[in-house]
Amino acid sequence: MGLIPVGIKWDISLLLKLLGWSLLLALLSVLRFYPSSASLEDLMISAYGTIDVYAVQTVIPVFMWILPFLVSNFNFGEHIAKQLDRHAVYLFTRTARRKSWLVKQAMYLSHYVIVFQLLLQGSTVLLGYISGLKAASLFTLWEVTIGITALLSLSGILLVLTINFLSLSLSAVVSSVLVLSYQLIALFTAGSLLRVSTAYYTQLKWMPLTQGVYGWQASIFTGTEKVKSYLGDGVRFAGCYMIVAIIVVLLIGLRKINRLDIY
Amino acid sequence: MSIIQLINVSKNIGKSVVLNHINLELDEGRVYAFYGSNGSGKSMLFRAISGLIKPSTGEIIVQGKTLHKDCSFPESIGVIIESPGFWDSYTGFDNLKMLASIKNKITAEDICKAINRVGLNPNDPRKFKKYSLGMKQRLAIAQAVMEKPDILILDEPTNALDEDGIDLVRQIIREEKARGGTVLIASHNKEDVELLADHKFRMKNGQLLNESEDAK
């Protein structure tokens, strides 16, 4: 048996599209948070590093934070369903290795989600710098940027894979609406409860799809106390939680694909 | 000797019955045509025989092996079901090369021969997305025959083809039969059915209604 082809190569037009979205979202963040940011770190945390629990009842901070996930879903939410619809007949009348095909598709999606987050956070730092903001400390800026990018990437991968695997059973639109609605409600609920009391963090940290909010996990001081730490070493917990969740979602997807009827 | 056997095969999707108690025995080296209106179950039957859908009840035995029990799909099968499913940003040759790499049993030369056989140029630098509908269909036929399968399943193989293309497909079907292959075709084109089929089956509402006596 040879390789199982997925027919995927670097897609320049998709990369340009992601760059365009990144610049647009970064510009929105800079325009929104520049006046209240004392440093690049502040800007990074305000943009996609945290959800302000004191304004969470307006839903706007949650919606703004979720925007990059909507972009990811718009570009990748139907990927596996489309690939199956298009290529499954030719592939799966030649090989039974559906699992290996699905893992390759998951890797493809994951790497584009990471690329998008790198472009988004990179654009935010760049536009912030051009606007005149400086880093309070290069080390902190690095730490904050890496932390935010890592958590958002893992969160994005979890979301995109969940939507894609759910669309093996439901329609792609229904899957997207269900998962994104759940994420919106989970973040809103978590934010609202944290506003009442940070003691809720112990329970809330287990709620799926809320671990991507760096500011709810990190204990880092940026000079203006932008980051509220609810649990000392939460970033590591959030990262591990999401890695385990991604593995669980992947296992469910693998189980599903082997039994899937291809119409 | 029967190469394909369906025993009381039914398939339900939700509440609708798309295949309804199908019993069928097909012999080696013959051409079988399936006809019937849209939604009559021809494509579903082909998908079931190809191992792409699992019957709700019944058994499908292909070349002595029960699908979804002894194997998940027939070992030697070439398939076209609905529109060609190639990768847009690759050439025709590269598309076939990628598919051939799965079983890894034919050479680049075999792929070129299959492409030439359907009247296309293996060295055509154009990407698949630039192909006309007829060219896409021809490449799909090359894909189905390139590995010289024992069973060829062709759902509407003359779709989008001009007269030359239709003649070519008919010629290929005859050659495959002469090679000893078993060919199953579904076609709206009555001429295809009359000219090519050794045996005809009519489908309606997921049922195999009747079958003609041997035509040839």
Notebook entry, point to check: With axes computed from alpha carbons, what is the tilt in degrees of helix B:163-178 against the longest principal axis of chain B, rounded to the nearest 10 within 0 to 90?
Noted result: 60 degrees
Notebook entry, point to check: Rounded to a whole number, what is D in µm²/s for the protein assembly as shown from Stokes-Einstein with the Kirkwood radius over alpha-carbon pairs (25 °C, 0.890 mPa s)?
Noted result: 97 µm²/s
Next item on the list: Starting from the exponent 0.38 and prefactor 2.2 Å, build the expected Rg for chain B from its residue count and divide its actual Cα Rg by it.
Entry: 1.00
Note to self: Using a 1.4 Å probe on the protein heavy atoms only, what accessible surface does residue B:71 show? Give it in Å² to the nearest 10.
What the structure shows: 30 Å²
Check: Which cross-chain or sequence-distant (5 or more) residues have an amide H under 5 Å from the amide H of residue B:56, H modelled 1.01 Å from N in plane?
Finding: B:10, B:11, B:12
Next item on the list: Rank B:201, B:143, B:188 by how far each Cα sits towards the positive end of the charge dipole of the stretch B:125-214 (+1 on Lys, Arg Cβ; -1 on Asp, Glu Cβ) and give me just the farthest.
Entry: B:143
Next item on the list: Report the one residue of A:51, A:72, B:111 whose Cα lies farthest in the direction of the positive end of the charge dipole of the protein assembly as shown (charges on C-beta: Lys and Arg +1, Asp and Glu -1; origin at the Cα centre).
Entry: A:51
Item checked: For residue B:159, distant residues with modelled amide H under 5 Å away -> none
Next item on the list: Run through the DSSP bridge list for the protein assembly as shown and note the antiparallel percent, rounded to the nearest 5.
Entry: 55 percent
Notebook entry, point to check: Looking at A:254, A:23, A:130, which one has the Cα that reaches farthest to the positive end of the dipole of the stretch A:12-259 (charges on Cβ: Lys, Arg +1; Asp, Glu -1)?
Noted result: A:254
Item checked: Cα-based convex hull volume of the stretch A:1-146 per residue, rounded to whole Å³ -> 139 Å³
Checklist line | MRE, 222 nm, helices only [DSSP H, n ≥ 4, -39500 (n - 2.57), over the protein assembly as shown, to nearest 500] | finding: -17000 deg cm²/dmol
Note to self: Step by step: find N for the stretch A:12-259, compute 2.2 N^0.38 Å, then divide the Cα radius of gyration by it. What's the final number?
What the structure shows: 1.04
Check: Over the stretch A:64-178, what relative contact order in percent results from Cα pairs under 8 Å that are six or more residues apart?
Finding: 47 percent
Checklist line | Local electrostatic count, residue B:190, Cβ distance below 15 Å [Lys/Arg +1, Asp/Glu -1] | finding: 0
Margin query: Going by amide H atoms built from the backbone, whose H comes under 5 Å of the H on residue B:152, apart from near neighbours?
Written below: B:78, B:182, B:183, B:184
Notebook entry, point to check: DSSP H helices in chain A with Cα extent of 18 Å or more along the helix axis and mean Kyte-Doolittle hydropathy at least 0.0?
Noted result: A:12-33, A:60-76, A:98-130, A:138-166, A:172-196, A:234-259
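The values are calculated or read from the model by the stated rules, or taken from the named source; none is laboratory data. The shown structure was predicted, so the numbers you read here are calculated from the model rather than taken from an experiment. Because the Cβ atoms are built from the backbone with ideal geometry, glycine has one as well, and the counts that use them run over all protein chains shown. Areas reflect the complete protein model, heavy atoms only, side chains present, ligands, DNA and RNA absent. Shrake-Rupley method; radii C 1.70, N 1.55, O 1.52, S 1.80 Å.
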